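Computed from the coordinates by the stated procedures, all read-outs in this text should not be read as laboratory data. Source: prediction; values computed, not measured. Positions of Cβ are backbone-derived with ideal geometry, glycine not excepted, and every protein chain shown enters the neighbour counts.
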Amino acid sequence: MEKVRILIALVLGMTLTGSFSVLAKPAFNSSDIEGPGSQIIFCDLAGDKLKAAVLVDGPNLSVFYQDAKRGFDREPQQRYRLEDRPAVLWPARLGSQAESLLIMTSDGVEELDFTSRTNPPLRRQIIHRQTLIPAAL
């Protein structure tokens, strides 16, 4: 069993010319983010192929955009407040590039489109049907 493990490591370390090379180790940036939240959602809100972190604290959302070199800033770049009523929140890709956050309430489903890192998201109703989500707690 030990010979198989060594052989796999040697095959992975070979280039197409048959010589051995040193594989580049993946680089990771660690980031500390701060904010209240009971849930965190990772989604590509900017369409830059980097996941943003959205801290959800009841109706309050804190959005942390990721930088390719620095990672996440400690403080959120955006804060957004939903209405004080029951809702289910999830990410979805509705366009070709960026993801949006979808919010299901008793009235249907709305889209939060974070088209800008600095301006508030655009909010639009995409489904106008009563759902099983209660109107109030």
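Quick look at the numbers
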quantity: Leading residue by the ranking (surrounded by the fewest Cβ atoms within 10 Å (Cβ to Cβ)) among those in segment 78-119 that are small (Gly, Ala, Ser) and not in a strand (DSSP E or B); calculated: Ser96
quantity: Failed condition for Leu122, given (1) surrounded by fewer than 12 Cβ atoms within 10 Å (Cβ to Cβ); (2) without any contact (Cβ under 8 Å) to a residue 12 or more places away in the chain; calculated: (1)
quantity: Flag for Arg124 being more than 13 Å from the chain's Cα centre (by Cα) and of a type in the set (D, E, K, R); calculated: yes
